[in-house]
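Chemist: Pasting a structure below so you can have a look.
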């Protein structure tokens, strides 16, 4: 038998292509190798670059013996029988409330500004935090205030607003009411070109898997009307876990407005470039009950507690709302 007769026509066709395939494959392999090497190099360079920027930033900040930023300590002011637990937002510390807490204390309220776990801490400690540890810390602080005060309200700014809402929604006895200042219901798309912020974050995680740290550079004119410096140290570099947690908070709040059954005072910002004002307004519109205050403020930035010119009036409105609730008025 002729061995050639055992070779099918299709096999003969493949054999005819062998020289071309052998010539193409090394070239294709070389092309993919170059792409992979380039991708790896970009990842390594980015990791080195962001690490260098973080080390440079660290040289300019002061930390205590516990590793926490020197001006990030929690504090308490006021001696009223109604306590407000102040919860700061992403990239912030209790120091953001210095001016507002003083104004609220002048209205007869006790103010406790807590530090959210991970805030102001070294990256390794921040990376161990999650929405669960953040919310549990809020509840622990609220419970401590409950033991010594007639009422406890939670005031949350930005991400702190999301934490206040979830602490209350998941455990309705946590607080007697909520004060929400530019709360995070969804991240604003104002600084995300073409596509939502969540998409860009996911893309960054895929494109730069070796990057374990990201830098947040909030422009000061997004935070306050005049773009003035904060006057205290804000966090600048964050582990990916912090960003993952931030989006998780937004996801957990979706569609839950109808479950909130405590008085709510909320003030939002027109044109907020950090959180989505329209999303917050829609979410709050779904809350039941008549004990609601909702205002949209013009001419100010996202960081309402930092707008020092607003502090006296804002404190009066908050105290007035709490007083009206006590008096049984809507």
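The values are calculated or read from the model by the stated rules, or taken from the named source; none is laboratory data. Model, not experiment: these values are computed from the prediction. Glycine gets a Cβ as well: all are built from the backbone with ideal geometry, and neighbour counts include every protein chain shown.
Chemist: If we keep just the residues of region 181-203 that are in a helix (DSSP H, G or I) and in contact with a helix residue (DSSP H, G or I) (Cβ under 7 Å, 6 or more places away or on another chain), which is farthest from residue 154 (Cα to Cα)? Lay out the reasoning, then the answer.
Modeler: First, pick out the residues of region 181-203 that are in a helix (DSSP H, G or I): 197-203.
Right, trim to in contact with a helix residue (DSSP H, G or I) (Cβ under 7 Å, 6 or more places away or on another chain) and you get 198, 201.
On the way: 198: 28, 201: 30 Å.
Checked region 181-203; the qualifying residue farthest from residue 154 (Cα to Cα) is 201.
Chemist: What number of residues within region 40-63 are within 24 Å of the chain's Cα centre (by Cα) and surrounded by 12 or more Cβ atoms within 10 Å (Cβ to Cβ)?
Modeler: Qualifying residue count for the region: 11.
Chemist: While we're on this one: Take residue 113 and decide whether it is under 24 Å from residue 62 (Cα atoms), touching a strand residue (DSSP E or B) at 6+ places or on another chain (Cβ under 9 Å) and part of a strand (DSSP E or B).
Modeler: Numbers: under 24 Å from residue 62 (Cα atoms): yes; touching a strand residue (DSSP E or B) at 6+ places or on another chain (Cβ under 9 Å): yes; part of a strand (DSSP E or B): yes.
Yes.
Chemist: Another question, then. For residue 286, indicate whether it is under 21 Å from the mean Cα position of the chain (by Cα), in the same structural domain as residue 177 (by TED's automatic domain parsing) and surrounded by fewer than 18 Cβ atoms within 10 Å (Cβ to Cβ). Let's see the steps before the verdict.
Modeler: Working: under 21 Å from the mean Cα position of the chain (by Cα): no; in the same structural domain as residue 177 (by TED's automatic domain parsing): yes; surrounded by fewer than 18 Cβ atoms within 10 Å (Cβ to Cβ): yes.
No: the conditions fail for residue 286.
Chemist: Going through region 99-120 one residue at a time, which ones are out of contact with any helix residue (DSSP H, G or I) (no Cβ under 8 Å at 6 or more places or on another chain) and surrounded by fewer than 21 Cβ atoms within 10 Å (Cβ to Cβ)?
Modeler: Correct list: 105 only.
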